[in-house]
Amino acid sequence: MKTLKSMKPVILAICITVVSGTTALASSDHYHKIGFGNEPLHLYFWKDSSVASYGYTSYANTGFNAWDGISDALTFHEESSEPTYGSVVTYVGNTIPGKDVYGTVDHWVYGLFGWTQVNPDDRRHRSRVRFDHTNLSSLGSNALRQYAFTHEFGHAVGLKHNNDSGVASVMRDDSMVASNNMPQPIDKAHIIEKYGD
Amino acid sequence: MKLKKTMALVLGALVFSATGYLILDSKTTVAEIETMPVTHNNLSELESRSQLIVTGIPISSKNHVIRDEKGFTEEAFTITSFKVDNVYANKSGVKINEGDIIKVAEPVYTVDNGLKPGRTQFVIEDYEAMQKSERYLLVLRPDLKYPDLNVIVGVNEGKYNLDTSEKRVVNEKTGKFKDELIGKYNIK
């Protein structure tokens, strides 16, 4: 009893350290708290047939692979059949009804009753990336189309928008800079910050 | 006696848990959908992509969610009935008069969390759903799948609250577009 009482401050200190440490690792203005997780991760990339049908295969491949090799803790490979866990799946449609967007990313967990959509900050099993062909085709250049693809895959691997003033980033959504259509130094730094080197 | 006491405790715990679940299940949390909205460099670009520029008031809204066979959302937005009080530009080919009600798709939708209690409202970053009895300026184009449904051009670049109690703009560009639209069409 006496021992337990004397251990209380130590236990409290350990709890505070763990909670603070977890919070410090988790929160950032530039990436989501958990997503697929912050530990070493292997993601499975899959393209629906619509990607090829609309002629975006190379954009999707380039955009997804752009995020490979930045962190040793984040690796990818492409699957020929639709994966479940740790998956990034891609579709293209003529339009995304109800929204005037180039692309959208949502996140899902797979449980007892199937797939449920989750908050981008929460644990996910899948990121689903969808593109609007009508809006993409109105973009002025292939470089800008590539920007859209790389940008959305950046969300899929856990990055948030980055509209910081004067910073070159493929995660900007207030403007699209064609020459920044691959992960920029700041984007790579955020990937390393989230997943480790 | 002991059995009765145990049963009473179990029943109490069940009632307590059920009540707690019901309370939690009635709550809605807000989460973001990560998108890349279409952006416009200037007002001319914004207007060239629109077919209708109107002001008015939202009067009702309906959650619209359609899922595929695996449960993924195929279509997800809110259909808002919008009562027009002024038409400033109309290239739609359909005559719209003051007092007419049009349907507007807002990039907001709500889903049930399944077994996990509560519901989640998913919304495009920085977008705020229109509030009833507040007046808005909308820059719209027809939805490609549902021609009688109007989509807000550029998301935050096509919706502006004209209510004098709240002049909220999302960023410098949307603030500029709002001022330019108000100046160009003499919007009161």
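Every read-out reported here was derived from the displayed coordinates using simple, explicitly stated rules and does not represent laboratory data. Treat the numbers as computed from the prediction; the structure is a model and nothing was measured. Ideal geometry is used to build each Cβ from the backbone, glycine not excepted, and the neighbour counts take in all protein chains shown.
In whole angstrom, how far apart do the alpha carbon centroids of the stretch A:60-112 and the stretch B:1-74 sit?
With the stretch A:60-112 and the stretch B:1-74 each reduced to a Cα centre, they are spaced 23 Å.
In nm, give the distance between the simple-model label positions of B:V15 and A:S165, each being 7 Å from the Cα along the Cα-to-Cβ direction.
Calculated label separation equals 6.0 nm.
Taking a quarter of the surface of the Cα convex hull of the protein assembly as shown, what do you get in nm²?
Values: hull surface 105.6 nm².
Projected over every direction and averaged, the Cα hull of the protein assembly as shown covers 26.4 nm².
What is chain B's relative contact order, in percent, from Cα pairs under 8 angstrom and six or more apart in sequence?
Answer for chain B is 23 percent.
Straight-line reach from B:K91: which aspartates and glutamates have a Cα under 17 Å away, not including same-chain ones fewer than 8 places off?
Within reach: B:E45, B:E47, B:D100, B:D143, B:D148.
Okay, helix-only estimate at 222 nm for chain B: each DSSP H run of n ≥ 4 adds -39500 (n - 2.57), divide by all residues, round to 500 deg cm²/dmol; what do you get?
Numbers: 3 runs with 44 residues, N = 188.
Result for chain B: -7500 deg cm²/dmol, rounded to the nearest 500.
Anything over 29 Å Cα to Cα? Flag those among A:K160/B:K70; A:K99/B:K83; A:K99/B:K184; A:K99/B:K176; B:K4/B:K116; B:K103/B:K184, in the order listed.
Numbers: A:K160/B:K70 27 Å; A:K99/B:K83 20 Å; A:K99/B:K184 26 Å; A:K99/B:K176 22 Å; B:K4/B:K116 32 Å; B:K103/B:K184 25 Å.
Beyond 29 Å: B:K4/B:K116.
Taking chain B as the reference, fit the longest principal axis to its C-alpha atoms, fit the long axis of helix B:172-185 to the helix C-alpha atoms, and give the angle between the two in degrees, 0 to 90, nearest 10.
The helix B:172-185 is inclined about 50 degrees to chain B.
Can you list the residues, at least 5 places off or on another chain, whose amide H is less than 5 Å from the amide H of B:D100, using H built in the peptide plane?
Distant-sequence amide H within range of B:D100: B:V84.
Kindly express, to the nearest 10 degrees and within the range 0 to 90, the angle between helix B:2-25's C-alpha long axis and the longest C-alpha principal axis of chain B.
Computed tilt is about 0 degrees.
Given a cut-off of 26 Å, what percent of all Cα-Cα pairs of the stretch B:28-185 lie beyond it? Can you show the working numbers first?
Working: 3194 of 12403 pairs.
Counting pairs separated by more than 26 Å, the tail of P(r) holds 26 percent.
Distances longer than 13 Å among the Cα atoms of the stretch A:123-197: what percent of all pairs is that? Display every interim value, and only then the final one.
Working: 1842 of 2775 pairs.
Counting pairs separated by more than 13 Å, the tail of P(r) holds 66 percent.
State the Cα centre-to-centre distance between the stretch A:167-197 and the stretch B:101-122 in whole Å.
30
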